[in-house]
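Notes to accompany the following structure.
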Amino acid sequence: MIITALLKDIRFITSSPNYHSLPLSTGAEAAFAGRSNAGKSSVLNTLTNRKALAKTSSTPGKTRHINLFALDKEKSIRLADLPGYGYAKVNVREQQRWGEELTLYITERESLKGVVIVMDIRHPLTENDKQMVVLCRTGGRPVHVLLNKADKLKSGRRAATVKQVEKDLAYLSPGATYSTFSALKGEGIKELRDVLNRWLNGSED
């Protein structure tokens, strides 16, 4: 079972407003998290070669539910699009609620096999990102940091940023992996699919 082939038939399952309304935690699930302006929706659309699998918007913070997508007919292999975090214009109470729901999901979801944390390569590992990395480490979840919008940086600064991220991750979450990505240029798709294969299927393309 190869994730690349399954992605062609990906379909929406449900949008859950909170952790406890999610379907039963069976099978295998990989989640996508990130700050509200990191380009998470564009990553998902590029990964699956769909124009609107995940809704993109000029207004950050639009994704407020946990959205699940099935890769197989049995719905036993899934991707989860988590609510974006760190959007300052959302009121404090709502930010707190999102934080509580994400914490429940990361620490308690039995089917969760790993978390892809999408970051803008120009502003990686913000305080919110670091908190998410540490939360995943606490919950025992594998982490892959996806440095999105890689086309926005010239090669020298890009290399320096990647080196710094590698150093910081070694301290924050030893064993966490990372790669660069560009939805605009289609860069990094294979590397991301390889990560998903390891988590969901125990293999690579």
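Read the figures in this text as sums done on the coordinates, not as results from a lab. Every value quoted in this text rests on a predicted model; they were computed, and no experiment measured them. Here the Cβ is made from the backbone with ideal geometry for all residues, glycine too, and neighbour counts use every protein chain on show.
Quick notes
- Counting 0.36 nm for each residue step from Leu184 to Asn37 and taking away their Cα separation leaves a gain of 51.4 nm.
- Residue (of Gln95, Ser42, Val116) at the positive-pole extreme of the chain, dipole from beta-carbon charges: Ser42
- Computed lengthening from Arg97 to Thr4, 0.36 nm per intervening residue step minus Cα-Cα distance: 30.0 nm
- Trypsin sites (Lys or Arg not before Pro) lying in DSSP loop within the stretch 1-36, provided at most 12 other Cβ fall within 10 Å: Lys8
- Residue among Ser15, Ser155, Ser25 with the largest mean-square fluctuation in a Gaussian network model of the chain, springs linking Cα atoms under 10 Å: Ser155
- Length added when fully stretched, Thr26-Lys51, from 0.36 nm per residue minus Cα-Cα: 6.2 nm
- The chain - charge dipole about Cα centre, Lys and Arg +1 at Cβ, Asp and Glu -1, debye rounded to 20: 680 debye
- Considering only Ala150, Ala170, Ala31, the mean-square fluctuation computed in a Gaussian network model of the chain, springs between alpha carbons under 10 angstrom, is largest for Ala170.
- Candidates Tyr105, Tyr19, Tyr171: whichever shows maximal mean-square fluctuation once the chain is modelled as a Gaussian network with Cα springs under 10 Å: Tyr171
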